[in-house]
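The values are calculated or read from the model by the stated rules, or taken from the named source; none is laboratory data. Predicted model only: the values in this text are computed from it and were never measured. Cβ atoms come from the backbone with ideal geometry, glycine included; neighbour counts cover every protein chain shown. For accessibility, only protein heavy atoms count, side chains too; no ligands or nucleic acids. Shrake-Rupley method; radii C 1.70, N 1.55, O 1.52, S 1.80 Å.
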Amino acid sequence: MGRFDLDREDMIALLKDRGISDARLLRAMASVERHLFVPEPFTQRSYEDSALPIGKGQTISQPYTVAFMTQALGVRERDRILEIGTGSGYQAAILCEMGARVFSIERNLELLATARKTLDRLGYRIATKGGDGTIGWNEYSPFDGIIVTAGAPDVPESLLKQIVDGGKLVIPVGDLEMQNLIVCTRRGEAFDRTEVHGFKFVPLVGKMGWK
Ligand code: SAH
């Protein structure tokens, strides 16, 4: 038994209590060791349901938020998923563990280097790029799903264009204090849109984000 195994089981029980039901997602969250993505002095708190600092003023998202967004994305085996905001690499590892082919963009090169080291060490094969993710990743588009893990002022058109028919974009949109989670599903040239209130993310900074 690892030092954090029981804590991780408690985290899974809490996610189920809060309505997370995707079995493959819960299995992935039960196996990825979140504490390997959380730097000291916060490592001890890795299985609390809270966001934690990862340096450079950024945070690893709260487990419930990771679960909620990933469930909303509806990840299937072999799906091509683009993540904007690699951060610690934890969300990317969850997607990988679920069998997705993962592409992830991070604007902070130091965070990206640390995330890459962690992901490589754990054997997660992910394509990453340093830079502004608000314009997407044209070379590898279209994607079955795009997940943005930082809060945006609006839904970037550039990302909608890079989704396959039937695919989804999950993105927090609002002001700098509070955001709603928007789920856009592509139906031909139109998009169905659902919205869930009350999330808090670090800002998405870039051409189609905050200046
Ligand atoms: N998914 C991450 C959470 C990261 S927090 C995890 O699992 O740990 C959001 C991240 O988005 C931060 O690291 C921030 O630097 C990054 N970010 C903000 N604006 C961005 C942009 N325009 N393009 C790429 N990354 C961005």
Checklist entry - Looking at the chain, what % of the alpha carbon pairs are farther apart than 30 Å? => result 14
Item to check | Degrees separating the helix 5-17 axis from the principal Cα axis of the chain, which is the longest one | outcome: 40
Checklist entry - Which of the trypsin sites (Lys or Arg not before Pro) found in segment 126-179 are loop residues per DSSP with 15 or fewer other Cβ atoms within 10 Å of their Cβ? => result LYS161
Next on the checklist: What does the net charge come to around GLY151 if you take all other residues with beta carbon closer than 10 Å to its beta carbon, with K and R at +1 and D and E at -1?
Outcome noted: -1
Checklist entry - Please report, for the Cα atoms of segment 38-134, the Rg to one decimal and the Dmax as a whole number; what are they, in angstrom? => result 12.7, 36
Item to check | Charge dipole (debye, nearest 20) of the chain; +1 at Cβ of Lys and Arg, -1 at Cβ of Asp and Glu | outcome: 420
Item to check | When each of LYS129/LYS168; LYS56/LYS200; LYS129/LYS200; LYS56/LYS168 is checked by Cα-Cα distance, pairs over 19 Å | outcome: LYS129/LYS168; LYS129/LYS200; LYS56/LYS168
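Using a 1.4 Å probe on the protein chains only, how many percent of the accessible area of the chain belongs to carbon and sulfur? Please report the intermediate quantities before stating the final value.
Values: 5030 of 9970 Å².
Heavy-atom surface of the chain belonging to carbon and sulfur, 1.4 Å probe: 50 percent.
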Checklist entry - Residue farthest toward the positive end of the dipole of segment 99-162, with Cβ of Lys/Arg at +1 and Asp/Glu at -1: which of PRO142, GLY99, PRO156? => result GLY99
Checklist entry - Going from most exposed to least, what order do TRP210, TRP137 have by accessible area with a 1.4 Å probe? => result TRP210, TRP137
Next on the checklist: Over 5 Å intervals from 0, what percent of Cα-Cα pairs in segment 81-190 sits in each interval?
Outcome noted: 2, 13, 23, 23, 20, 12, 5, 1, 0
Checklist entry - How many Å² of accessible area per residue for segment 1-122, probe 1.4 Å? => result 46
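Counting helices only, and only those DSSP H runs with n ≥ 4, report the 222 nm mean residue ellipticity of the chain as the sum of -39,500 (n - 2.57) divided by its residues, in deg cm²/dmol to the nearest 500. It would help to have the intermediate numbers written out before the result.
Numbers: 6 runs with 59 residues, N = 211.
It comes out at -8000 deg cm²/dmol, rounded to the nearest 500.
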Item to check | Degrees, to the nearest 10: 109-122 long Cα axis against longest axis of the chain | outcome: 60
Checklist entry - Where is the GNM fluctuation largest for the chain (alpha-carbon springs, 10 angstrom cutoff): LEU181, LEU122, LEU25? => result LEU122
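As a test of reading the structure, rank THR149, THR59 by solvent-accessible area (1.4 Å probe, protein chains only), most first. The partial results should precede the final answer.
On the way: THR149 20, THR59 55 Å².
If we order THR149, THR59 from most to least accessible, we get THR59, THR149.
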Next on the checklist: Which entries of LYS16/LYS207; LYS16/LYS161; LYS117/LYS207 have Cα-Cα distances beyond 31 Å here?
Outcome noted: LYS16/LYS207; LYS16/LYS161
Checklist entry - So what's the gap between the Cα centers of segment 72-90 and segment 1-57, to the nearest angstrom? => result 17
Checklist entry - In angstroms, what radius of gyration and Dmax does segment 91-139 have, counting Cα atoms only? => result 10.7, 29
